[in-house]
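**Student:** This structure is in structure tokens; I'll ask about it shortly.
The values are calculated or read from the model by the stated rules, or taken from the named source; none is laboratory data. This structure is a prediction, so every number in the text was calculated from the model and none was measured. Counting neighbours? That spans all protein chains shown, and the Cβs are built from the backbone with ideal geometry, glycine included. In case anyone asks, the SASA skips ligands and DNA or RNA and just uses the protein heavy atoms, side chains included. Shrake-Rupley method; radii C 1.70, N 1.55, O 1.52, S 1.80 Å.
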There are 2 protein chains.
Amino acid sequence: MVMHTDYDVRWEGKIIGTVDRKKQVLEAASRSFALFGYKATTMEQVAKIANVGKGTIYTFFDTKEQLFDEILHEVISEMKNIIQREVDHNKPFFDNLFRVLDSLLEFRSEHELLMKLSQEVRDVGTPQSQEAMNQVESVILAYIEKEIRHAMMQKELRDCDPGIVSFLMFKMYVALTSEWNKNHEPLTKEQIKEHIRLFLEDGLAVHAS
Amino acid sequence: MVMHTDYDVRWEGKIIGTVDRKKQVLEAASRSFALFGYKATTMEQVAKIANVGKGTIYTFFDTKEQLFDEILHEVISEMKNIIQREVDHNKPFFDNLFRVLDSLLEFRSEHELLMKLSQEVRDVGTPQSQEAMNQVESVILAYIEKEIRHAMMQKELRDCDPGIVSFLMFKMYVALTSEWNKNHEPLTKEQIKEHIRLFLEDGLAVHAS
DNA sequence: GCATGACCATAAATCAAAATCAGTCATAAG
DNA sequence: CTTATGACTGATTTTGATTTATGGTCATGC
């Protein structure tokens with residue numbers, strides 16, 4: 001069954017546009033979740049922003065949680081697209097890694113939602129935001145792990161446990177991009193990349209040569 | 001002014017022992033803080049365990065916080081001792097690092113208190129436990145940073161920013177010893193050391209040789 | 001036929017009463 | 001006399017009863 005979501009907008013009898021109510025709702029909810037987090041976003045507020053009656057939202061989404069999930073999966077999907085776009089298996093592992101990091105750091109809209117959700121996890125511990133962050137984390141970890149396996153096969157990386165190493169790489173990234181900022185001036189993108197290179201690519205020790 | 005803390009314990013007129021009330025209080029409080037955390041430890045409880053009146057505690061310590069601080073500084077001091085005992089500047093940096101890690105992981109009593117406090121930070125966010133963990137963290141960071149500077153001078157380590165690198169090493173350690181356990185089976189001490197070696201000493205990349 | 005907002009049940013915020021606890025001090029013990 | 005003590009106090013936290021807010025429904029009207 002296909003549901004109508006488009007309606008003509010008329011003025012003096014003439015069609016001057018169409019309005020996709022579902023899209024309106026999704027956009028309003030996106031902005032609200034990114035701005036206020038999951039808990040502080042109310043369905044009435046979303047309806048107001050979307051210029052729709054509250055009941056209308058429930059013709060598209062069964063619950064608040066489903067609406068949130070749809071938006072979250074959009075974000076995750078967008079992240080996967082970025083990754084796929086940037087990864088080129090003809091190029092070296094570290095090239096791909098840094099290009100993906102760069103691109104991910106660019107995407108404001110994704111970042112705003114994720115930052116707000118991780119703040120909500122710290123401050124109130126909303127289960128839905130907790131769960132959302134877990135999902136995002138596991139998507140990222142799965143990508144890194146896959147790439148590590150590939151690079152290991154290509155003998156670009158040493159033999160290692162991809163699960164543990166991907167976990168460590170992710171934690172390192174989070175440490176540099178967000179935990180460091182709690183007590184220090186934020187690092188530049190260049191500093192972040194340089195330190196990831198130092199640990200992953202070169203190693204810290206001076207080797208006999 | 002010197003305060004009495006020792007008293008003779010007599011039986012049928014004969015001295016059969018002495019009791020150091022301050023030591024009793026410190027021991028009781030140590031166990032209680034490690035078992036229940038800062039907030040859930042009450043002064044009355046400490047008095048009960050120590051077999052003293054509540055008022056007696058206040059002849060040695062002005063406040064609950066001061067009592068806690070004294071115990072915390074004992075722990076920190078013990079950690080510094082361990083470090084000093086294990087570090088030998090004639091040996092390589094990574095040797096020292098791993099020996100210190102080993103010894104720190106042994107010390108049950110220290111670990112119990114610190115684990116309880118970090119749980120308290122997550123679960124209730126008691127300011128005193130927050131502050132305590134910050135102090136411990138900065139002691140550890142200061143040690144790592146000092147050792148990194150020394151190793152850099154000895155040309156054992158590459159040129160790097162000691163502040164950022166010590167921060168990353170610490171975060172890596174925490175990731176391996178405690179964050180990993182939230183979703184996986186704990187790693188063995190050997191696995192932990194092996195991965196720290198992989199990242200810090202060797203680097204992950206296969207280098208042309 | 002579809003959007004809507006008043007409506008309902010439940011979950012969250014509020015607030016006052018009750019309980020707890022850090023810290024004091026008058027008294028007891030030695 | 002000196003020191004230990006636990007009943008006491010005021011401030012803070014917990015509790016639970018009441019109010020408010022919110023997710024979700026549905027009868028109405030456009």
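**Student:** Treating only the Cβ of Lys, Arg, Asp and Glu as charged (+1, +1, -1, -1), what charge dipole size does chain B show about its Cα centre? Round to the nearest 20 debye. List each step's numbers first, then the result.
**Tutor:** On the way: 26 positive and 34 negative charges, 74 e Å.
Dipole of chain B, to the nearest 20 debye: 360 debye.
**Student:** Could you work out how far the C-alpha centroid of the stretch B:45-119 sits from that of the stretch A:42-102, in angstrom?
**Tutor:** 46
**Student:** Which value, in debye to the nearest 20, gives the size of the charge dipole of the protein assembly as shown about its Cα centre, when Lys and Arg are +1 and Asp and Glu are -1 at the Cβ?
**Tutor:** Details: 52 positive and 68 negative charges, 120 e Å.
The calculated dipole for the protein assembly as shown is roughly 580 debye.
**Student:** Can you list, shortest first in nanometers, how far B:Arg158 lies from the same residue in the other copies, with each label 7 Å from Cα toward Cβ?
**Tutor:** Nearest first, the other copies' label points are 1.4 nm away.
**Student:** Here is a follow-up. Given charges of +1 on the Cβ of Lys and Arg and -1 on the Cβ of Asp and Glu, with all other atoms neutral, how large is the dipole of the stretch A:104-194 about its Cα centre, in debye to the nearest 20? All intermediate terms of the calculation are to be shown ahead of the outcome.
**Tutor:** On the way: 11 positive and 16 negative charges, 27 e Å.
The calculated dipole for the stretch A:104-194 is roughly 120 debye.
**Student:** Under 15 Å from a point placed 7 Å out from the Cα of B:Arg158 along the Cα-to-Cβ direction: which residues of the stretch B:181-199 have their backbone N that close?
**Tutor:** Once the point is set 7 Å along Cα→Cβ of B:Arg158, B:198-199 turn out to lie under 15 Å by backbone N, inside the stretch B:181-199.
**Student:** At a Förster radius of 41 Å, what calculated FRET efficiency corresponds to the Cβ-Cβ distance of A:Arg85 and B:Glu27, to the nearest 0.05? Kindly include the intermediate steps, with their values, before the conclusion.
**Tutor:** Numbers: r = 62 Å, r/R0 = 1.51.
With R0 = 41 Å, the Cβ-Cβ based efficiency is 0.10.
**Student:** Using only the alpha-carbon atoms, how far is helix A:127-153 inclined from the longest principal axis of chain A? Give it as 0 to 90 degrees, nearest 10.
**Tutor:** 40
**Student:** Which whole-number percent gives the relative contact order of the stretch B:64-202, counting Cα pairs below 8 Å spaced six or more residues apart? Display every interim value, and only then the final one.
**Tutor:** Values: 67 pairs, mean separation 23.6, N = 139.
Reported as a whole number, the value is 17 percent.
**Student:** Just going by the charge dipole of the stretch B:64-202, with Lys and Arg at +1 and Asp and Glu at -1 on Cβ, which of B:Ser109, B:Met172, B:Ile140 is farthest out on the positive end?
**Tutor:** Farthest along the dipole direction, towards plus: B:Met172.
**Student:** Once the label point is placed 7 Å from Cα along Cβ, list for A:Ala40 the distances to the corresponding points in the other copies, in nm, shortest first.
**Tutor:** 3.1
**Student:** To continue, here is another question. For the peptides A:59-66, A:183-190, what is the packing order when you average, over each peptide's residues, the other Cβ atoms within 10 Å and list the highest mean first? It would help to have the intermediate numbers written out before the result.
**Tutor:** Working: A:59-66: 14.1, A:183-190: 11.1.
Final packing ranking: A:59-66, A:183-190.
**Student:** Could you work out what % of the accessible surface of chain B is carbon and sulfur, using a 1.4 angstrom probe and leaving DNA, RNA and ligands out of the count? Don't skip to the end; give the middle numbers.
**Tutor:** Working: 6010 of 11890 Å².
It is 51 percent, rounded to a whole number.
**Student:** On a full-extension model of 0.36 nm per residue, what is the gain between A:Tyr58 and A:Ser138, subtracting their alpha-carbon distance, rounded to one decimal in nm? Mind dumping the intermediate values first?
**Tutor:** Values: separation 80, 0.36 × 80 = 28.80 nm, distance 2.97 nm.
Fully extending the segment from A:Tyr58 to A:Ser138 adds 25.8 nm.
**Student:** Would you mind giving the three semi-axes, in whole Å and largest first, of the ellipsoid equivalent to the stretch A:83-174 according to its Cα gyration tensor? Please report the intermediate quantities before stating the final value.
**Tutor:** Numbers: eigenvalues 151, 49, 17 Å².
The three semi-axes for the stretch A:83-174 are 27, 16, 9 Å.
**Student:** Another question, if that's okay. How much length, in nm to one decimal, is gained on full extension between A:Asp69 and A:Lys146, taken as 0.36 nm per residue of separation minus their Cα-Cα distance?
**Tutor:** 25.2 nm
**Student:** On to the next question. Which of the listed residues, B:Gly163, B:Gln84, B:Leu35, is farthest toward the dipole's positive end in the stretch B:22-168, when Lys, Arg count +1 and Asp, Glu count -1 at the beta-carbon?
**Tutor:** B:Leu35
**Student:** List, shortest first and in nm to one decimal, how far the label point of A:Glu190 (7 Å from Cα along Cα→Cβ) is from its counterparts in the other copies.
**Tutor:** Nearest to farthest, the other copies are at 4.4 nm.
**Student:** Highest GNM mean-square fluctuation, chain B, Cα pairs closer than 10 Å: which of B:Leu104, B:Leu67, B:Leu198?
**Tutor:** Largest GNM mean-square fluctuation: B:Leu198.
**Student:** Inside 10 Å of the C-beta atoms of A:190-202, what's the mean count of C-beta atoms belonging to other chains?
**Tutor:** Values: counts 0, 2, 1, 0, 3, 6, 1, 2, 10, 10, 5, 4, 7.
Going residue by residue through A:190-202 and averaging, the value is 4.
**Student:** Continuing with the same structure: Taking the rotation axis that maps chain A onto chain B, which residue of A brings its Cβ closest to that axis, and at what distance in whole Å?
**Tutor:** Its Cβ sits closest to the axis: A:Gly203, 1.
**Student:** So how do A:Glu27, A:Glu156 rank on accessible area, 1.4 Å probe, biggest first, that is with the largest at the start? Provide the component values of the computation, followed by the final result.
**Tutor:** Numbers: A:Glu27 110, A:Glu156 60 Å².
Reading off the accessible areas and sorting them downward yields A:Glu27, A:Glu156.
**Student:** Rounded to the nearest angstrom and ordered from largest down, what semi-axes does the equivalent ellipsoid of the protein assembly as shown get from its C-alpha gyration tensor (root of 5λ)?
**Tutor:** On the way: eigenvalues 505, 237, 50 Å².
Those come to 50, 34, 16 Å.
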